[in-house]
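Take a look at the structure below.
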Amino acid sequence: MGDELSVFPVKPLPRRRRLALVVLERVLLVVALATLGYVAATLGGATLYQKYESRQLDEILRSGPPAETASGTVVPRPRRIIGRIEIPRLGVSTIIKEGDDARTLDLAVGHIRGTALPGGRGNIGLAGHRDTFFRRLQHIESGDVIRLVAPEGTFTYLVERTRIVSPKDVSVLDATAEPTLTLVTCYPFSYVGAAPERFIVRARLTPESLSPVRVQPAGWVKPAGTAKAAKPPQRKPSVRQVSPKVASGKKQVATAGERPRDGAATPPVVRARQPIVWWHTIPRGH
């Protein structure tokens, strides 16, 4: 049986075929290197952009709160950088940029145009890529804390629920009566290609964040004409002056007049053997 077995020599490939394989190998190598370079440039650019804008936002926050209206509230204004979203449990901290186009979402989380802004009433819509900034949303749970840090203040939200909808279902971005936050990303998270569905996170503003505390800069004074204008400081009564007859040793007994509820000062009641004189400074505006 061994005599029947024979070793067939391997024929060398034709020169043209070998050349074609070498060229294909080089092309695939160049494509692989270009792909890695594109991914590295995209992720590196996004990282640098996040660090730069985060420093810019911190400087804005340190510069003091925005101007208030006559009612004492802060009106959010459209701007290029909205703020920063933070999800402590998932380790998410990302700059929010205005817009939801492809270039914006490559660099940051995008604020969906037409939705509310931080500090305003209604539904705030934020979009992000499932493979970059919103990758960890697949692990989010009800009750998780989400913070929005903006010049208007720091707003804390609690996650109420998550749901999966079709890309055509835009009702999740409808305006709401109460302050609400909606996060949108593609789904499934591990899908290769254009994902067929959308992953929605709905969170509601906590009661203590309805009026966020803002640190007022030094020397800040509330503008005149506001709903609750500060009253001028009360002046203390001036030191009483006693007539020369009192200095002669005669006893004088004086009782200052009582101040009624309306704040007007009444003439003092004087009980004295000799007349004395009182001078009181009445605060202006009474």
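The order of the peptides 110-120, 91-101 by mean Cβ neighbours within 10 Å, most packed first, is 110-120, 91-101. Net charge of the neighbourhood of GLU53, taken over other residues with C-beta under 13 Å away and scored Lys/Arg +1, Asp/Glu -1, is +3. Charge tally for ILE164 (other residues, Cβ to Cβ under 9 Å; Lys, Arg +1; Asp, Glu -1): +1. Amide H contacts under 5 Å for ILE124: ALA116, THR180, LEU181, THR182, restricted to partners 5 or more places along the chain or on a different chain, H placed in the peptide plane at 1.01 Å from N.
Looking at segment 84-168, the pairs of alpha carbons with a distance over 19 Å make up 38% of the total.
All of the numbers you see were taken from the coordinates with simple rules; none came from a lab. What you see is a predicted model, and the numbers here were worked out from it, not measured in a lab. Quick reminder, even Gly has a Cβ in these numbers, built from the backbone with ideal geometry, and neighbours come from all protein chains shown.
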